[in-house]
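First the structure, in the form of structure tokens, and then the observations on it.
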Amino acid sequence: MKQIISLAIHGGAGTLVRGMMTPTLEMAYNKSLEYALNSGYAILEQGGNAIDAVIKATTLLEDSPLFNAGKGSVFTAEGTHEMDAAIMEGKKLRAGAVSLLKGIRNPILVARKVMENSEHVLLAGDGALKFAEKFGFTIEVDSYFYDRHRFQQWQEIKDTEEFQLDHSPKKNSKFGTVGAVACDTTGNLAAATSTGGMTNKRYGRIGDSPIIGAGTYANNNTCAVSCTGNGEYFMRNVTAYDMSALMEFKGLSLEEAGVEVIHNRLLKLGGEGGLIAVDRSGTITMPFNSEGMYRAFKNSSGEKDLAIYKD
């Protein structure tokens, strides 16, 4: 049987209700998602590997100011941008991640360097930045990350103890993370996740995205997963690995495991969000328990979908 190649991407989840955004903005989101999806999928279609595909899709989402990652990262309490990212491949379980990274256009590319050019998995803060500089990454000026909507969101809660998950008229209603999962022609899997964290966040807070097993995970025996949501709950549930374990040790299908971790285990703690996942047969699942999730997928069986809302 010919191997099915698949790619799925997400751009965050939360209170995304039809009619809350203008048609022009909705079109812009759809266009960005489709461009990232098609660009990543083209790599798979040409026989490229899953790592390259998820990296390509994720960097394009990082380059868009629409999503809370890379260029679109939100403001911290100090008025800076602290970004997290992780990459993992399923064949040898190699992984790389960065956290509290400042000034880097595409944090996911630094995470890949950690995976491929170091003996470590997770680098943070000044150390992660020094590592990036060692490999020739350019430190962008602050204005590169400036977005008027992000800045206004920060101004509304600046100098308070409040924080907010991405730009939205409703506090804590949208969880800004981008990610991609892929299965290539050899059946190898990979997952990538990137985020700009929370608006007005303090104390060097780190979410689930760069934590292997919490927000990002890949294993050829089971699945590749990228999560988006309120990171504290995904960390407490070790959601990404939990999904893999349910498949490996309980024999659940990809879809069954996704339902269990998102609609049962996460909800029991009060967590909100979703995930995208793929197994080595190329099957895709994209469960979420919030009002919506920016998401899209494409496979070599001719199936394709791009959606924002629940319906």
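Observations, loosely collected:
- Every residue from the range 3-55 that is without any contact (Cβ under 8 Å) to a residue 40 or more places away in the chain, more than 25 Å from ASN230 (Cβ to Cβ) and out of contact with any helix residue (DSSP H, G or I) (no Cβ under 7 Å at 6 or more places or on another chain): THR22, PRO23, THR24, MET27, ALA28, LYS31, ALA42, GLN46
- Residue within the range 163-174 that is touching an Asp or Glu at 6+ places or on another chain (Cβ under 9 Å) and at pLDDT 65 or above present: no
- You will find that of LYS71, LYS102, the residue that is farther than 29 Å from LYS310 by Cβ, modelled with pLDDT under 95 and among the basic types (Lys, Arg) is LYS102 and no other.
- Summed over the range 266-289, residues that are closer than 19 Å to THR222 by Cα, assigned to a loop (DSSP other than H, G, I, E, B) and in contact with a helix residue (DSSP H, G or I) (Cβ under 9 Å, 6 or more places away or on another chain) total 5.
- Residue match in the range 61-80 (condition: among the β-branched types (Val, Ile, Thr) and more than 26 Å from LYS113 (Cα to Cα)): no
- Residue count, the range 12-47 (criterion: under 20 Å from GLU303 (Cα atoms) and under 21 Å from the mean Cα position of the chain (by Cα)): 15
- For the range 17-54, the set of residues classified as surrounded by 24 or more Cβ atoms within 10 Å (Cβ to Cβ) and aliphatic (A, V, I, L, M) consists of LEU33, ALA36, LEU37, LEU44, ALA50, ILE51, ALA53, VAL54, listed by residue number.
Quick grid of which residues meet (1) out of contact with any strand residue (DSSP E or B) (no Cβ under 7 Å at 6 or more places or on another chain); (2) outside any helix (DSSP H, G or I):
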{"position": "SER209", "(1), (2)": "no, yes"}
{"position": "CYS227", "(1), (2)": "no, yes"}
{"position": "ASN264", "(1), (2)": "yes, no"}
{"position": "LEU306", "(1), (2)": "no, yes"}
{"position": "ASP311", "(1), (2)": "yes, yes"}
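- Residue count, the range 291-311 (criterion: surrounded by 22 or more Cβ atoms within 10 Å (Cβ to Cβ) and more than 16 Å from the chain's Cα centre (by Cα)): 1
- No other residue among ILE206, ILE262, ILE276 is crowded, with 23+ Cβ neighbours inside 10 Å, within 21 Å of ILE108 (Cα to Cα) and aliphatic (A, V, I, L, M) apart from ILE276.
- Listed conditions (1) touching a residue at least 40 places away in the same chain (Cβ under 8 Å); (2) farther than 24 Å from MET88 by Cα are all met by LYS268, apart from (1).
- Single unsatisfied condition, ILE284 versus (1) under 17 Å from the mean Cα position of the chain (by Cα); (2) surrounded by fewer than 20 Cβ atoms within 10 Å (Cβ to Cβ): (2)
- For the range 75-89, the candidate set comprises residues that are under 14 Å from LEU101 (Cβ atoms) and assigned to a loop (DSSP other than H, G, I, E, B); within that set, the residue that is modelled with the highest pLDDT is GLU82.
- Against the criterion of being farther than 19 Å from LEU7 by Cβ and not in a loop (DSSP other than H, G, I, E, B), ASP52 does not qualify.
- Qualifying residue in the range 229-241 (condition: of a type in the set (A, V, I, L, M), closer than 23 Å to LEU7 by Cβ and touching a residue at least 40 places away in the same chain (Cβ under 8 Å)): yes
The values are calculated or read from the model by the stated rules, or taken from the named source; none is laboratory data. All of these numbers come straight from a predicted model, not from anything done at the bench. Reconstructed Cβ throughout: ideal geometry from the backbone, glycine too, with neighbour counts over all protein chains shown.
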